[in-house]
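Each remark here refers to the structure printed beneath this line.
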Amino acid sequence: MLEIRGFEDKVYELLGRNVIKGASHLYAGQEAVAVGACSVLEPDDVITSTHRGHGHCIAKGGQLPQMMAELCGKSTGYSRGRGGSMHIADVAKGNLGATGIVGGNIPVATGAGLAIKMRGERRVVLCFFGDGACNNGVFHESLNMAGLWRLPVVYIIENNLYGMSVSTKRACAVSSIGDRASGYAMTGATVDGQDLLAVREAVAEAVERARRGEGPTLIEAQTYRYYGHSRSDPRKYRTREEEDHYRNEHDPIELFKRHLVEKKIASPDEIATLEKGVADAVEAATEYALNSPYPDASELYDFLYVE
Ligand SMILES: Cc1ncc(C[n+]2csc(CCOP(=O)(O)OP(=O)(O)O)c2C)c(N)n1
């Protein structure tokens with residue numbers, strides 16, 4: 001969670017300085033969802049991600065230098081600088097990729113689940129997407145197939161209360177999106193997405209169910225994004241009081257730190273050492289990205305077609 005927060009805060013700074021160009025959708029505030037969920041996976045399990053995908057990539061073992069280089073458009077980035085923030089993939093680590101198409105990876109995750117089932121493997125797929133994506137046609141088609149064929153997929157809705165500027169209340173016919181699970185004959189759960197251990201427990205149960213061949217689960221994780229939708233968003237659709245409420249009282253990192261200290265799992269000094277290590281790692285990743293070369297102009301048309 002610290003790596004995700006540190007990375008996101010640095011990206012916000014670099015966007016402000018126009019070092020990172022184009023859109024970037026920050027994940028800060030939602031860290032407990034990606035980390036709690038990915039913490040129960042085996043290395044050969046896979047995930048699919050979204051336009052808000054930095055946290056998913058880091059939680060599945062992504063490397064900060066390659067990620068930062070990708071955001072800066074450098075040739076040392078995950079997609080050699082061609083994908084940018086919204087198209088980071090790390091297939092070697094089981095991250096099938098991010099996408100700028102809202103809901104676009106829900107059928108990809110479903111297809112991966114079908115492949116796993118047809119091969120008789122015990123792997124599972126975690127599919128992350130937002131509350132807005134739940135109103136797309138592909139959500140309904142994909143979950144129907146997964147429910148029908150009992151596919152080993154855990155669908156995780158990150159309900160951060162808004163799809164761009166539209167409140168979930170104004171976009172969803174049901175008040176609890178997790179309730180939609182029953183329409184696809186799958187188990188549903190709603191969890192506090194700011195509570196790392198609550199997310200971990202719900203996803204662990206779902207993953208075990210999938211490994212036993214008992215099919216998919218739909219989990220709604222209730223969370224909040226700290227920054228605007230993307231860099232140009234003045235956040236007029238929500239109040240500063242609401243933002244402060246989440247930042248000051250429901251911050252996933254602060255809540256987990258408190259848990260570690262109260263249970264005497266880590267001391268405040270140990271946590272401070274961890275924080276310092278992460279800050280150094282983010283600085284090193286930024287240096288790496290800034291010192292890396294841009295792709296050469298002669299490579300402009302590479303990878304457009306299979307050669
Ligand atoms: C198919 C599609 N429709 C619309 C958009 C424009 N768009 C980009 S992000 C977004 C909101 C997504 O909201 P949500 O799924 O809740 O994810 P969040 O941004 O809250 O993480 C929209 C409508 C898009 N990129 N793709």
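The values are calculated or read from the model by the stated rules, or taken from the named source; none is laboratory data. Since we're looking at a predicted model, the values are computed, not measured. Using ideal geometry, Cβ is built from the backbone for each residue, glycine included, and neighbour counts are taken over all protein chains shown. Side chains are part of the model used for accessible areas, which takes the heavy atoms of the whole protein and leaves out ligands, DNA and RNA. Shrake-Rupley method; radii C 1.70, N 1.55, O 1.52, S 1.80 Å.
Results, tabulated for the structure shown:
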| item | result |
| --- | --- |
| Accessible area (Å², per residue) of segment 143-200, counting only protein heavy atoms and a probe of 1.4 Å | 46 |
| Dipole magnitude of segment 82-150 about its Cα centre (Cβ charges: Lys, Arg +1; Asp, Glu -1), debye to nearest 20 | 320 |
| Cross-link pairs Lys74/Lys117; Lys10/Lys263; Lys60/Lys257 - those with Cα-Cα distance over 27 Å | Lys74/Lys117; Lys10/Lys263 |
| Cα pair count fraction exceeding 14 Å, expressed as % - segment 219-261 | 57 |
| Computed over segment 8-154, Cα set: Rg, Dmax in Å | 15.4, 50 |
| Assigned charges on the beta-carbon of Lys, Arg, Asp, Glu; the chain dipole about Cα centre (debye) | 640 |
| Segment 105-244 - share of DSSP beta bridges that are antiparallel (%, nearest 5) | 10 |
| Most positive-pole-ward Cα, Ser298, Asn18, Ala285, against dipole of the chain from beta carbon charges | Ser298 |
| Of Leu143, Tyr224, Ile177, farthest towards positive along the dipole that unit charges on Lys, Arg, Asp, Glu beta carbons give segment 119-269 | Leu143 |
| Qualifying trypsin sites (Lys or Arg not before Pro) in segment 1-46, DSSP loop, other Cβ atoms within 10 Å at most 10 | Arg17 |
| Table column - 3J(HN,Hα) (Hz), segment 13-19, Karplus curve with 6.51, -1.76, 1.60, x for Gly and Pro | 5, 5, 5, x, 8, 6, 6 |
| Segment 174-224: C-alpha gyration tensor shape, a/c 1.5 cut-off, then a/b vs b/c | oblate |
| Backbone N within segment 48-76 under 20 Å of label point (7 Å from Glu283 Cα along the Cβ vector) | 64-69 |
| Between segment 28-64 and segment 103-125, the Cα center-to-center distance that results, in Å | 17 |
| Rounded, prolate or oblate (a/c below 1.5 giving rounded, otherwise prolate when a/b exceeds b/c) for segment 189-286 by Cα gyration tensor | oblate |
| Within the accessible area of the chain (1.4 Å probe), percent carbon and sulfur | 54 |
| Cα gyration tensor shape of the chain, rounded if a/c is under 1.5, else prolate or oblate by comparing a/b with b/c | rounded |
